[in-house]
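What follows is a short report on a single structure.
Bear in mind these aren't lab numbers, they're just calculated from the coordinates by the rules spelled out. Everything quoted here is computed from the prediction, not taken from an experiment. Glycine also receives a Cβ, built like all others from the backbone with ideal geometry; neighbour counts cover every protein chain displayed.
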Amino acid sequence: MAAPPLQLHTPASIGPASGPGDIKSRPAWSPYDDNGGTCVAVAGSDYCIVAASTRLSTGFSILTRDCSKLFQISEQVYIASAGFQADIRALQKMLQTRNVMYQHIHRKPMSASALAQLLGNNLYYKRFFPYFTWNLCVGLDPEGKGSVYTYDPVGSFERVGYSCQGSGKDLIQPVLDNQLKAASPLVLPSENWMTALPLEQAQDLVRDAFVSAGERDIYTGDCVEILTITTGGVHRETLDLKKD
Amino acid sequence: MSGIGTGYDLSVSTFSPDGRVFQTAYAQKAVDNGGTVVGIRCKDGVVLGVEKPVASKMLVGGSNRSTYPINQQTGMGIAGVSADGRQIVNRAMQEATQYKGFYGEVIPGYVLSERIASYVHLFNLYWYVRPFGAALLMASYDSEGPQLYLIEPGGTAHRYFGTAIGKGRQSAKTDIEKLKLTELSCRQGVVEVAKILHTVHDEEKPFELELAWICDESNKEFKRVPADLAAEAEQQAKAALDEDMDS
Amino acid sequence: MFAKAPSHSTALGPGCAGPPLANPQQLSSAQASAHERGSHQPSCGAAPFAVDASMLRSTGSQPHKHTQSPYVTGSSVLAITYAGGVMLASDTLASYGSTKRYKSVQRLVKVNDSTVLGAGGEISDLQFILNMLDDLKTEDYCADDGQSLSSQELYSYLSRVMYNRRNKMDPLWNSLIIAGLEGGKPFLGSVNMIGVAFSDDHLATGFGNHLARPLFRKRHRPDMSEEEATALIREALEVCYYRDKQSINKFQIAKVTASEGVSISEPFALPTKWEYKAFVDPTRNAVGVW
């Protein structure tokens, strides 16, 4: 009979009947963490709103109350990301580099749709060691209409009228579905999914959504950064949330 | 050059019948034709001075550096082909970093000089390479105190109290021999080096003086001589020169 | 390498590890197989202290190539900004598991004239990082252009290094705090072993995040005077020392200010008081516990 492979005498290996393979008693080191955070984006016919909470957490601890999850790619194009913050930083840095390269070639900033495809490609490229990030790509399309692209961590994405990502999405997404009255994607011929809400109402909805998520989601709180993108420019506001 | 036309000077891997390697000698010539570089070891440190011919009036002052720090406690001055010299400087930086990583201590001057000499020597051994057309004066300050080394294209490394290479080396060396190096401080040394370089530079062509030192005053770090001190030294050198002319 | 799980051996007495002498049948299967293999192993069945070379051999599973867990570790580092500067503090302990192994390890290190690095976690990895920074500094010196890396740049650099190593599944097992002055303004940045990096005006790693930061949140102001900052950080150290078992009463405080640059204090001890009623009789107000 072949002898079992030799093992280092860790406390766990000394216990009764420790067979090959179950050497470790402590959980294996993980390259991932979930730092939480919520992002919301709403596309209107002549505006786009993108908002993200600023709390950075690990487990039940708060690391900082002021860590922006929004990242500007060009004047009217932003990325909002929740999930593992180290991956978010890496993703942002990579996209910024690619944006510079794009401008060297094309002599113009990237459009929301170009960035959307680029982001999708890069997430998909790393699908076997994914960026653990939940992203929204937000901007205005060539006609000045709001555009929101929503992703999963491995790169599948679609253009939508509004979306929510991150730890608070289970709380916020259904409310958006209800309030923004999205047509079912099953309806044929397909109907316009763009929200018809006027800007001020949409902003109020986003504020309410974050305040509400902050009540129940421990990873959403402290502050929310809300950007309103229109052809006239970008307006930034912050709204304090509960710090508990 | 008696080697010309005999076929013994084509490769660095061929000796002439009287035992010389002409390619190596030619490399040395490249150094001898370049700007003068002077190094002196004073009582509290080492001073390096480089005479840099200014090739064009349109050159930005201070470009084409020819003194380089290798690490905090070592520096080099290049004579000859500066592009070749820079290659050696880069190698010296690598050697210094590698030594520090391996032994956890700063590389001593004699070790670095020997390692660099070995590296330079490699280019005297194979037909498919040419020797470096540069020689280096190396200043170091370690536990043995301040030291001055000269590494030449043939792969030799020697330690000096003071020496000079390049076009004006002969008279510069004569001038250095007149100095009382054991009593001279680096502050005085800087002036002496400036004087020597101004003396040996007899042409009307403009030149820039690059001065670097490693001494107690520079916190035992290899640095360029502070701008005000360098300017003052140069002024004194010019004044001394004018005096000589008059008398 | 590891101490064996405590047990009572009839042969060796209470508190001593190992099965009874001369009764190898009672060895557990793992011990028994280990026992047969090397004659240099103790016959009492106690865990060998030396590393068995055969264990380093590839036996189905690969030998350890990467750090899967730390060995010698440091605990919390605390840091706050104040008017015109930053202040860091940590103890000088490096633990080997629960053993206080090295008691005079400096975990606050001057990186350059405007930056201090504070580190917790694996000490060997810290030394690796310091060697790396030292090479970087020399490279910077050789460039001889009058520029040196700012605190923000060092923070950015270290966050890339840490993230890069986590991508290789070979992490540097540390929590780092980079503190200094960025364009004359106080800067604090934190990086951990998986590359999560953020900046705030008060930071703490490890236990400090639980014990010191609530204090910082309550008491810290960016415009504090140096005296106030010192008082706050000493109080935070005291709290950490009372509750963190892997800490000792030997601390250092580092400061970076525009006027004085980097200064790291000599190790000092804090006055402590263990006679608090809650310490002496922790169950006084909890009826029914023992």
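General observations
- From phi via Karplus (6.51, -1.76, 1.60), per-residue ³J(HN,Hα) for segment A:47-63 in Hz, x at Gly/Pro: 7, 8, 10, 9, 9, 8, 6, 10, 6, 10, 10, 9, x, 9, 9, 9, 7
- Relative exposure of C:134, B:202, judged by other C-beta atoms within 10 Å (fewest first): B:202, C:134
- Shielding of peptide B:199-210 by partners, expressed as the average count of other chain Cβ atoms within 10 Å per residue Cβ, is 0.
- From most to least packed by mean Cβ count within 10 Å, the peptides A:61-67, C:159-165 give C:159-165, A:61-67.
- Segment A:33-240: relative contact order as a whole-number percent, Cα under 8 Å and 6+ apart: 29 percent
- For chain A, a crude dipole built from +1 on the beta carbon of Lys and Arg and -1 on the beta carbon of Asp and Glu, taken about the Cα centre, is about 820 debye to the nearest 20.
- Reachable lysines from residue B:57, criterion Cα separation under 16 angstrom, eight or more residues apart if same chain: B:205
- Within 10 Å of the Cβ of each residue in C:132-143, the mean number of Cβ atoms contributed by other protein chains is 4.
- Fewest-first sequence of B:180, C:103 by Cβ atoms within 10 Å of each Cβ: B:180, C:103
- Per-residue 3J(HN,Hα) values for segment A:206-222, derived from phi via the Karplus relation 6.51 cos²θ - 1.76 cosθ + 1.60 with θ = phi - 60°, read 4, 4, 4, 4, 6, 4, 5, 4, x, 5, 10, 8, 6, 8, 10, x, 6 Hz in sequence order (x marks Gly and Pro).
- Per-residue Cβ neighbour rank within 10 angstrom, fewest leading, A:156, B:218: A:156, B:218
- Counting Cβ atoms of other protein chains within 10 Å of each Cβ in A:63-75 and taking the mean gives 2.
- The count of lysine pairs in segment A:33-240 whose Cα atoms are under 22 Å apart, excluding pairs fewer than 8 places apart on the same chain, comes to 8.
- Number of Lys pairs (Cα under 14 Å; 8 or more positions apart or on different chains) in segment C:72-264: 7
- Which of B:60, B:157, B:46, positive extreme of dipole for chain B (C-beta unit charges): B:157
- Farthest toward positive dipole pole in chain A [+1 Lys/Arg, -1 Asp/Glu at C-beta], among A:64, A:40, A:86: A:86
- Its Cα centre serving as origin, the protein assembly as shown has a Cβ charge dipole (Lys and Arg +1, Asp and Glu -1) of approximately 2280 debye.
- Estimated translational D of the protein assembly as shown in µm²/s (Stokes, Kirkwood radius over Cα pairs; 37 °C; 0.692 mPa s): 102 µm²/s
- 17 Å cut-off, amide nitrogen to a point 7 angstrom out along residue A:128 Cα→Cβ, residues in segment A:147-172: A:154-155
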